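The values are calculated or read from the model by the stated rules, or taken from the named source; none is laboratory data. All of these numbers come straight from a predicted model, not from anything done at the bench. Cβ atoms come from the backbone with ideal geometry, glycine included; neighbour counts cover every protein chain shown.
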Amino acid sequence: MSSLMERLDSSRGLVCGVCSKIATQFGWSIAVSRIVAAIVLVVNPSVTLLVYMVIAVLMTQRSSY
């Protein structure tokens, strides 16, 4: 979990890079993925935050291999 906390980047406002990774994976614009994430967060915040954290943890675990 400490590596997850190290990925917080307060200088650019990024949290774990989930939107960036998803955008890169699917060839989307990072701005579009962040806008979609923000809209989904407004519509259903609890599920969105849970899914976001799960993806962040999975990305951290996958990058450590």
- Query: Among Met1, Met5, Met53, Met59, which is the only one that is surrounded by 11 or more Cβ atoms within 10 Å (Cβ to Cβ), out of contact with any Pro (no Cβ under 7 Å at 6 or more places or on another chain) and modelled with pLDDT under 90?
  - Reply: Met59
- Query: For the stretch 20-49, how many residues are at pLDDT 90 or above and under 17 Å from Arg62 (Cβ atoms)?
  - Reply: 1
